[in-house]
Amino acid sequence: MQLLDTLVARAIPWVPRALIHKISRRYIAGDTLAEALVRVQQLNAQGFAVTLDVLGETISTLAQAQATANAYIQVLDAVHAQRLQANISIKPSALGLLLDVQQCEQLALHILDTAALHQNSVCLDMEDASCTQKEIELFGRLRARFGNVGLALQAYLRRTYEDIEPLVREASTLRICKGIYVEDRSHLVQGAWNDRSAINEHFLKHVVRCFEAGSFVAIATHDAALIAHIVERVRRDGIDRSRFEFQMLLGVCEPLRDKLLGMGFNVRIYVPFGKDWYGYSTRRLNENPRIAGHIAKALIGL
Ligand code: FDA
């Protein structure tokens with residue numbers, strides 16, 4: 001089965017877009033904000049908080065960056081108007097990080113200003129290694145102006161051990177995730193290139209560092225063993241539940257997220273929506289161990 005998964009994963013670039021769209025519906029709330037808001041209402045009613053992601057990644061014009069910023073402002077206004085429990089997650093490259101850092105910063109400030117007005121918050125997703133340094137610097141400048149911004153860090157990167165120190169010293173809000181991009185081995189912690197579980201000890205250390213330093217930490221993983229370790233640690237050290245939350249992606253490992261909620265933990269669901277679904281969906285499909293089955297089922301259903 002593992003060989004079949006690998007073969008199917010390698011074939012993704014050749015799978016028709018219509019098929020990818022069909023399979024990835026479970027990971028995406030829809031093409032429009034209205035569809036996403038319905039999903040947020042449902043999740044909130046179940047007890048989950050949400051973070052909304054307007055799909056879109058590296059862009060080629062500043063007009064696209066402006067359009068992304070406008071879309072996020074619409075999201076913040078709608079969430080406020082409907083009194084929903086949802087903040088937003090942004091990929092800085094979608095605001096033009098790799099085109100014009102100053103313009104990207106201006107747009108991010110405008111979004112943060114709107115979020116602050118609505119007493120809401122923003123998390124900067126972490127992208128591939130070509131963005132890491134720029135994003136950390138951007139985060140520092142934004143945080144000097146606004147307290148309602150958080151940053152994702154990736155446990156698969158060696159450099160995270162150095163990056164996290166100044167951030168936790170300032171009690172920054174952080175999201176720890178394993179990391180999803182295909183990176184050169186030289187950037188990665190030992191063994192991470194062929195064994196995702198090799199990242200776990202590093203993930204755990206970063207989470208514990210946040211606990212020790214008093215940084216609010218979002219624990220973004222579906223890894224049951226890793227979550228069990230963290231729950232054990234939280235209980236052992238008497239960490240208050242208000243100091244962290246678990247985060248999971250829409251459509252992934254739902255029984256585990258329900259269990260965590262049932263145990264009384266705060267759980268936030270990452271809900272992407274929008275027309276630009278292809279990059280996000282193919283990354284999700286690549287990491288799904290049952291991808292071969294999904295593709296086969298979708299092919300039969302076509
Ligand atoms: P791992 O990949 O080891 O998976 C553990 C288990 O979870 C698998 O064995 C499988 O059972 C299940 N699983 C995982 N993904 C699945 C899927 N798509 N379908 C079905 N089952 C699946 N990355 C990044 O680089 N920058 C970022 O900013 C973020 N932000 C982010 C926010 C949130 C809320 C989450 C949950 C994740 C991210 N990520 C991210 C992605 C993250 O880095 C990582 O790639 C995925 O979460 C998968 O890693 P796990 O920690 O779940 O472990």
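The values are calculated or read from the model by the stated rules, or taken from the named source; none is laboratory data. What you are looking at is a predicted structure, and each value in this text was computed from that prediction instead of being measured. Cβ sites come from the backbone with ideal geometry, for glycine too, and all protein chains shown count toward neighbours.
Okay, here's what the table says:
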| item | result |
| --- | --- |
| Considering residues of segment 235-255 that are among the aliphatic types (A, V, I, L, M) and touching a residue at least 40 places away in the same chain (Cβ under 8 Å) only, the residue farthest from the ligand (Cβ to nearest atom) | Leu250 |
| Odd one out for Asp195, checked against (1) acidic (Asp, Glu); (2) loosely packed, with under 15 Cβ neighbours inside 10 Å; (3) modelled with pLDDT of 95 or more | (3) |
| Selected residue (criterion: farthest from Leu124 (Cα to Cα)) from residues of segment 223-234 that are away from the ligand (no atom under 16 Å from the Cβ) and surrounded by fewer than 17 Cβ atoms within 10 Å (Cβ to Cβ) | Glu232 |
| Candidate set: segment 148-171, residues that are in a loop (DSSP other than H, G, I, E, B) and touching a Ser or Thr at 6+ places or on another chain (Cβ under 8 Å); chosen: the one farthest from the ligand (Cβ to nearest atom) | Ala171 |
| Residue that is closer than 30 Å to Arg185 by Cβ, surrounded by fewer than 21 Cβ atoms within 10 Å (Cβ to Cβ) and not small (Gly, Ala, Ser), where the choices are Glu162, Glu170, Glu105 | Glu162 |
| Qualifying positions in segment 275-292 - surrounded by 18 or more Cβ atoms within 10 Å (Cβ to Cβ), within 9 Å of the ligand (Cβ to nearest atom) and not in a loop (DSSP other than H, G, I, E, B) | Arg284, Leu285, Ile291 |
| Test for Ala192: is it within 13 Å of the ligand (Cβ to nearest atom) and of a type in the set (Gly, Ala, Ser) | yes |
| Leading residue by the ranking (nearest to the ligand (Cβ to nearest atom)) among those in segment 212-222 that are surrounded by fewer than 18 Cβ atoms within 10 Å (Cβ to Cβ) and on the phi < 0 side of the Ramachandran plot | His222 |
